[in-house]
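Comments concern the structure below.
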Amino acid sequence: MIDRFYSWPIRVHLIILIALLTIPSVFLVIRSGLDRRSDAATAAKSECLDFVTFIGGRYQSMVAGAEQLGATLSLLPALQSRNPASTNALLADLLRKNPRYSNIALIDKSGFVWASGIPLQGKLYLGDRKHYRDVI
């Protein structure tokens with residue numbers, strides 16, 4: 001059998017030798033690629049978790065700020081006396097000073113907006129909105 005192997009042309013011997021030499025290299029390249037893929041997936045998961053944690057913290061901060069603003073507004077005499085003219089002026093001033101809010105509106109128990117930082121045309125009913133029903 002070995003005599004048959006030696007009788008093959010030199011080209012076949014070289015092809016076999018090259019194949020035997022490249023198999024470990026190919027294995028290492030594939031293994032390295034799989035390891036890098038696994039490391040990249042782990043890093044991506046970690047970055048996503050960091051991002052979600054960061055956004056969650058910002059959201060909680062915004063909610064706490066809005067709750068604090070609402071609690072402070074409820075103590076003001078203009079709101080307690082339900083004076084729409086002075087309350088609208090106060091809310092408009094708050095909007096100018098706090099550009100993160102698109103509007104600040106006050107809604108009565110029946111669902112109608114009675115004061116707003118942005119002037120409204122006519123009466124606006126929000127009692128049919130889900131967020132209003134959830135609050136009530």
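Across the stretch 24-136, Cα pairs under 8 Å and at least six residues apart give a relative contact order of 14 percent. Ranking 9, 60, 85 by Cα position along the charge dipole of the stretch 2-88, where only Lys, Arg, Asp and Glu carry charges on their C-beta atoms, puts 9 farthest toward the positive end.
In this Cβ point-charge picture (+1 for Lys and Arg, -1 for Asp and Glu), the stretch 1-75 has a dipole of about 400 debye about its Cα centre. Axis angle, to the nearest 10 degrees, between helix 84-97 and the longest C-alpha principal axis of the chain: 30 degrees. Only helices enter this figure: runs of n ≥ 4 DSSP H residues, each worth -39500 (n - 2.57), summed and divided by the residues of the chain, yield -24000 deg cm²/dmol at 222 nm to the nearest 500.
Quick one: dipole size for the chain, taken about the Cα centre, charges +1 on Lys/Arg Cβ and -1 on Asp/Glu Cβ, in debye to the nearest 20.
240
We did not get these values from a lab; they are worked out from the coordinates using the rules stated. All of these numbers come straight from a predicted model, not from anything done at the bench. All Cβ positions, glycine included, derive from the backbone under ideal geometry; neighbour counts span all protein chains shown.
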